1. Sticking with the crude label model, points 7 Å out along Cα→Cβ, report the distance from residue 82 to residue 63 in nm, one decimal please.
2. Measure nothing fancy, just the Cα-based angle from helix 206-217's long axis to the longest principal axis of the chain, in degrees from 0 to 90, nearest 10.
3. What does the helix-only formula give at 222 nm for the chain: each DSSP H stretch with n ≥ 4 adding -39500 (n - 2.57), the total divided by the residues, and the result rounded to the nearest 500 deg cm²/dmol?
4. Just want the ordering: 213, 39, from fewest to most Cβ atoms lying within 10 Å of their own Cβ.
5. Once you put a point 7 Å from the Cα of residue 95 and another 7 Å from the Cα of residue 120, both along the Cβ direction, what distance in nm separates them?
6. If you line up the long axis of helix 112-121 against the longest principal axis of the chain, both from Cα atoms, how many degrees apart are they, to the nearest 10?
7. As a test, work out the antiparallel percent of DSSP beta bridges whose residues both lie in the chain, rounded to the nearest 5.
8. Using only the alpha-carbon atoms, what does segment 18-82 span along each of its principal axes? Please give whole angstrom values in decreasing order.
């Protein structure tokens with residue numbers, strides 16, 4: 001397998017969005033009279049589609065969840081998206097992948113409009129060949145749908161790409177499309193979650209991810225690390 005495209009999740013894979021996402025969720029919940037003292041309890045919102053999360057974690061109806069997503073965006077769209085930290089070594093990894101002739105695409109459940117802003121904020125947008133995210137109207141939000149959109153837009157088949165992500169949704173979505181998946185442990189999913197979902201391999205940190213990508217995408221590893 002020598003895939004030419006690397007699909008990468010954003011939250012928990014390229015950057016740590018904990019502060020912005022948890023504050024935005026808390027903002028949304030406060031509208032319903034739900035006060036969250038410990039933002040760590042909202043980490044479970046990082047990764048899955050928001051519409052599902054409000055229903056799964058707080059028992060909201062679909063209508064309430066759509067309203068809650070709107071409240072979430074009030075905070076996230078103006079402030080939360082910048083309360084975000086790029087993982088150590090990530091910019092170097094992206095540069096190495098591109099320098100070896102590979103193309104990187106974002107495949108995230110985060111709305112594309114926010115994703116593009118975040119990439120520009122971190123000054124890493126030049127490393128990405130394509131950005132696939134969810135739509136604000138919810139018509140494309142499941143990870144499998146986002147990945148299929150990316151594959152179709154790029155006019156490539158699943159064997160031409162590999163998916164990298166930190167949660168089961170990344171693995172399941174990629175497997176729905178027949179893709180090889182690398183799970184990362186430095187984000188918000190643990191080994192059991194990723195293994196149970198069917199990840200083909202799991203790496204512990206950004207440097208190990210760089211080594212794995214070098215091995216599976218190039219015949220000769222060169223000076224990746």
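Quick note: the coordinates plus some simple rules give every number you see, no bench work behind them. No experiment lies behind these values; they were computed from the predicted model shown. Methodologically, a virtual Cβ is constructed for each residue, glycine included, from the backbone with ideal geometry; neighbour enumeration extends over all protein chains shown.
1. Simple spin-label model gives 3.7 nm for this pair.
2. Tilt of helix 206-217: around 50 degrees.
3. On the way: 9 runs with 97 residues, N = 225.
The per-residue figure over the chain is -13000 deg cm²/dmol.
4. Values: 213 25, 39 14.
Ranking 213, 39 by Cβ neighbours within 10 Å, fewest first, gives 39, 213.
5. Each label point lies 7 Å from its Cα, and together they span 2.3 nm.
6. Taking Cα atoms only, the helix is inclined about 70 degrees.
7. Details: 2 of 23 bridges.
Taking every DSSP beta bridge with both residues in the chain, the antiparallel ones total about 10 percent.
8. Extents along the principal axes: 29, 24, 22 Å.
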